[in-house]
Structures are given as C-alpha cells and as structure tokens.
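Shown next, in structure tokens, is the structure this report addresses.
The values are calculated or read from the model by the stated rules, or taken from the named source; none is laboratory data. All values derive from a computational prediction rather than experimental measurement. Please note: Cβ atoms are built from the backbone with ideal geometry, for glycine as well, and neighbour counts cover all protein chains shown. The accessibility values were calculated without ligands, DNA or RNA, using every heavy atom of the protein model including side chains. Shrake-Rupley method; radii C 1.70, N 1.55, O 1.52, S 1.80 Å.
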Amino acid sequence: MGELVVVTGPPGAGKSSVSEHLANGFNPSALVAGDGFFAMIKQGYILPWLPQARRQNTVVIESAAAAAGRLTDICTVVYDGVLGPWFLPTFVRATGLASVHYVILLPPLDVCLERVQGRIGHGFSDLSATRDLYEQFANAPIDSKHVITESHDHPAQLAELITRRLEDGYYRYALAGSGDFD
C-alpha cells in the first residue's frame, strides 16, 4: 500500500512544480491535482475563497480525498492543491486512511505574489485572494514541522528534502484519537 503526500500552500507557493518532481521520484506513483476537481464544476461554480463556497469546497475536497486515498492501494500518491489546515481533518476522513503526510510550502508573500503575477496560461491570477490565502496559511494553527519556508531552492531540491523527511514520518498527520501520531 502506498502513502499519500499532500503538498499545499497558497497560490504561487510552488506546489505544482514540487509535486511533479515528488511524484516522479516514486514508482509507482500518481499525481492528483486538486484544481482538477474544482474544474469539474461547469455551471454554478463559486470562487472557493468566498464564504458562500463552504459547502462546494467540502464536497470537492472530499471527492479529491476519496480518489487520492483509493489510489494508495496501488501506488504512492501526491496530492497537489490548496488544502488549508482548516480542511485537513475533512480531507483525512474522506481518504479512508489513518494518516497522510502533510507539507505546506510557504515562501515569503512577495515570492507568491510575483509568481502569481508572472503566470502565463494559468487560470488563477487574483493577487488579493493570494494575499488572503497566504495569511490564512501563515496564521493557521498547525505544527511548524509541516511548513517549508525555503523559496529559492529548485523544486527538485525541495522534493528531495520532502522525500528524505517522509522516510521517518516527519510530515505525518493523523486525526486525534486515530492511534497514529501527528
């Protein structure tokens, strides 16, 4: 049975680049893009950072988690998406797993803003939402061991760092009372 590694953070943190390198380091592996689950909604989509999107976000997060959790039956899975600590218990429950590895990429805000502003062909470019999401991640109640603040390392180097720390369970997160450690 494979492991599930969640790579998250605000827009512009480098999630997709690091996740791609990370997934390519495992064989067999799968890369589950959380954005793809939000893109499935074709009519009636609510911007996920708006308060009225709570129900939509819960259903989408649970769907993505169920898919990612199921795939661990055949491979190591890297989940790439905005998954704040406020949604982590919902996500873990929906995976059906006892625990996941949870990694937050949190480079400085100016790095995230510069990356978002410089994107070409990417569906997200809202600098205000980037700032808001950044602040939510920066102020979230989560053990600092889950947070990587390096911003100048190449995504492959960050993926190597994450892989080394996975081996000893450094990023493991389990729901309280699950018998595992967080």
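The figures follow:
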{"read-out": "Longest to shortest principal axis, alpha-carbon extents of the chain, angstrom", "value": "39, 37, 30"}
{"read-out": "Net charge of neighbours whose Cβ lies under 13 Å from the Cβ of Pro11, counting Lys and Arg as +1 and Asp and Glu as -1", "value": "-2"}
{"read-out": "Segment Leu109-Ala174, length gained on full extension (0.36 nm per residue, minus Cα span)", "value": "20.6 nm"}
{"read-out": "Highest-fluctuation residue, Ser128, Ser151, Ser17 considered, GNM on the chain with Cα pairs under 10 Å", "value": "Ser128"}
{"read-out": "Counting DSSP beta bridges with both ends in the chain, the antiparallel % (nearest 5)", "value": "15"}
{"read-out": "Accessible surface, per residue, of the stretch 3-126 when the full set of protein chains is kept, probe 1.4 Å, Å²", "value": "46"}
{"read-out": "Table column - 3J(HN,Hα) (Hz), the stretch 47-55, Karplus curve with 6.51, -1.76, 1.60, x for Gly and Pro", "value": "3, x, 8, 7, x, 6, 8, 3, 5"}
{"read-out": "The stretch 75-180: GluC sites (Glu not before Pro) in DSSP loop, at most 11 other beta carbons within 10 Å", "value": "Glu167"}
{"read-out": "Sequence-distant residues sharing a close amide H with Val6 (under 5 Å, placed H)", "value": "Tyr79, His101, Tyr102, Val103"}
{"read-out": "Of all accessible heavy-atom area on the stretch 55-182, the percent that carbon and sulfur account for (1.4 Å)", "value": "49"}
{"read-out": "Added length on full extension, which subtracts the Cα-Cα distance from 0.36 nm per residue, Thr90 to Ile41", "value": "15.6 nm"}
{"read-out": "For the chain: relative contact order, % (alpha-carbon pairs under 8 angstrom, 6 or more apart)", "value": "32"}
{"read-out": "Separation of the Thr58 and Gln117 label points, Cα + 7 Å toward Cβ, nm", "value": "3.8"}
